[in-house]
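Working notes, beginning with the structure itself.
The values are calculated or read from the model by the stated rules, or taken from the named source; none is laboratory data. Everything quoted here is computed from the prediction, not taken from an experiment. Backbone-built Cβ (ideal geometry, glycine too); neighbour counts: all protein chains shown. Side chains are part of the model used for accessible areas, which takes the heavy atoms of the whole protein and leaves out ligands, DNA and RNA. Shrake-Rupley method; radii C 1.70, N 1.55, O 1.52, S 1.80 Å.
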Amino acid sequence: IGVLGSGDFARSLAIRLVCSGFKVVVGSRNPKRKASLFPSAAEVTFQAEAVKKTDVIFVAVFREHYSTLCDLADVLAGKILVDVSNNTEINYHKESNAEYLASLFPACTVVKGFNVLSAWTLQSGARDGNKQVLLCSNNQEAKRAVAEIAQVMGFTPVDMGCMSSACEIENIPLRLLPAWKIPILLSLGLFLCFFTYNLIRQVIHPYIREQKNKLYKIPIEVVNTTLPCVAYVMLSLVYLPGVVAACSQLYYGTKYRRFPDWLDQWLQHRKQIGLLSFFCAALHAVYSLCLPMRRSHRYQLIEMAVKQAVEKKMSVWVEEEVWRMEIYISVGIIALGLLSLLAITSLPSIANSLNWREFSFIQSTLGFIALVISTLHTLTYGWSRAFDENQYKFYLPPTYTLTLLVPCTVIIAKVIFSLPCIQHRLLRIRRGWEKGRYVKFVLPSATGEFSSGETSSNV
């Protein structure tokens with residue numbers, strides 16, 4: 001195998017090829033100076049010599065340096081060139097790097113591949129990082145040869161079609177968390193809404209009504225009140241699109257009707273939404289543990305103790321409040337544990353070790369149980385506060401009452417769908433039954449001959 005180039009990626013590629021049992025010849029413009037950078041088993045020589053000794057050549061140079069290889073056009077004729085380059089910006093050039101390389105060397109066969117791998121992944125093999133190698137080329141034989149090399153190296157080749165797919169393959173490493181954009185914007189939007197709402201209730205209201213400065217609550221207390229709201233609503237948004245999809249299938253009586261694009265996108269982003277829900281819940285747990293560490297909390301405790309001493313109260317124990325907080329914290333810990341399990345099983349390495357039934361049970365059944373327990377956690381926190389007029393500041397209801405709207409809708413819908421009559425109909429639809437569809441059937445006649453007829457599948 002030949003490697004043209006002596007950069008970080010070329011060195012990592014040469015190391016991996018040598019470890020996989022290939023004989024590697026590296027072509028460099030300064031072989032004597034660069035030889036010490038490569039493994040001793042790899043031969044480092046001039047580019048022309050490297051090209052003559054190999055049939056499959058990895059071109060590990062930047063696009064702007066492709067023209068420096070034009071002097072080797074005659075020697076490269078008939079060779080397989082593997083373009084591993086990437087751009088600095090998405091769609092920076094009108095044509096892909098691989099197509100540009102093919103135009104410079106029309107006598108060669110160009111295969112686009114290995115560009116989605118990092119130098120670290122190549123050095124550590126398939127144990128770390130992405131294991132897939134995306135390949136495209138107009139020549140099936142050349143693509144098959146490169147795919148065999150990728151398999152021997154411990155990676156999984158993925159055929160992406162002809163050379164026209166090269167532009168899309170080159171854009172993949174440049175995208176910054178494409179599947180996370182919508183969930184992150186959604187979580188930030190919810191956070192800002194709930195944060196503003198809590199700011200009005202906890203800081204602005206006491207300042208206007210009682211002239212009390214409560215700005216110290218913003219960094220910890222207001223944020224800690226906002227995080228569980230975001231986590232709770234985001235968790236319910238994981239299961240709400242399934243409810244909407246089920247309602248659509250029941251209404252139209254078929255599973256073959258395409259969902260709207262917004263619902264389809266929503267269904268595809270459920271994993272990211274769930275992980276962000278777990279992230280907010282974990283932050284809420286950490287913030288809650290830090291509440292007693294605040295200086296303001298210590299001052300409040302001293303103030304309460306002095307007030308109790310002045311009023312000569314021997315005990316301020318309230319049985320109801322004690323039980324409420326004990327149950328509230330216990331249920332919250334259980335909910336966080338279930339969310340942790342959901343997050344862990346979302347990791348590809350863990351998910352691949354589970355069969356479909358196990359994965360579905362954890363993500364669907366246990367996930368819904370986590371939503372129910374989170375609802376109990378919220379209700380226990382609220383207790384009887386929803387009926388206390390002092391909790392309605394500026395006539396605004398407590399924040400937790402707003403967060404209950406979407407989760408309770410999901411829970412009620414799930415309970416309705418579990419009714420035998422509806423569950424049976426939904427199951428039939430998901431197995432291919434369609435409302436109003438007529439199917440052929442064959443019945444034996446009195447003479448023993450078979451006659452055909454039609455009946456509605458509604459029967």
Q) Only one residue in I327, I302 is closer than 22 Å to G382 by Cα, open to solvent by 60 Å² or more (accessible area, probe 1.4 Å) and assigned by the TED database to the domain that holds H377, so which one is that? A) I327
Q) Only one of these conditions is not met by G189: (1) on the phi < 0 side of the Ramachandran plot; (2) in a loop (DSSP other than H, G, I, E, B). Which number is it? A) (2)
Q | The lone exception for E49 - which of (1) without any contact (Cβ under 8 Å) to a residue 12 or more places away in the chain; (2) open to solvent by 50 Å² or more (accessible area, probe 1.4 Å); (3) farther than 27 Å from L174 by Cβ it fails | A | (1)
Q) Among the listed residues A281, A179, A246, which satisfies the condition of being more than 30 Å from H424 (Cβ to Cβ), open to solvent by less than 20 Å² (accessible area, probe 1.4 Å) and either of a type in the set (F, W, Y) or in a helix (DSSP H, G or I) (or both)? A) A281
(Q) Condition first: more than 40 Å from the chain's Cα centre (by Cα), in a loop (DSSP other than H, G, I, E, B) and crowded, with 19+ Cβ neighbours inside 10 Å. Now tell me which residues in region 1-46 satisfy that. (A) none
**Q.** In region 352-367, the residues that are part of a helix (DSSP H, G or I) and farther than 21 Å from A335 by Cα
**A.** W356, R357
**Q.** Subset of region 287-299 [open to solvent by 80 Å² or more (accessible area, probe 1.4 Å) and under 31 Å from the mean Cα position of the chain (by Cα)]
**A.** L289
Q.
Report every pair of residues separated by at least 6 positions or lying on different chains whose Cβ atoms are under 8 Å apart, first residue within region 218-236 and assigned by the TED database to the domain that holds Y287, second basic (K, R) and surrounded by 19 or more Cβ atoms within 10 Å (Cβ to Cβ).
A. none
Q: Could you please let me know if F368 is in the same structural domain as Q272 (by the TED database), touching a residue at least 12 places away in the same chain (Cβ under 8 Å) and on the phi > 0 side of the Ramachandran plot?
A: no
Q: Would you check if F9 is at negative phi, aromatic (F, W, Y) and free of Cβ contacts under 8 Å to residues at least 40 places away in the same chain?
A: no
Q | Filter result (exposed (fewer than 15 other Cβ atoms within 10 Å of the Cβ) and among the hydroxyl-bearing types (S, T, Y)) within region 387-421 | A | Y392, Y395, T409, S418
Q: Kindly indicate which of L237, L227, L276 is over 29 Å from F394 (Cα atoms), buried (at least 18 other Cβ atoms within 10 Å of the Cβ) and modelled with pLDDT of 95 or more.
A: L276
Q: State all residues of region 332-349 that are surrounded by 14 or more Cβ atoms within 10 Å (Cβ to Cβ) and of a type in the set (A, V, I, L, M, F, W, C); if no residue qualifies, say none.
A: I334, A335, L336, L338, L339, L341, L342, A343
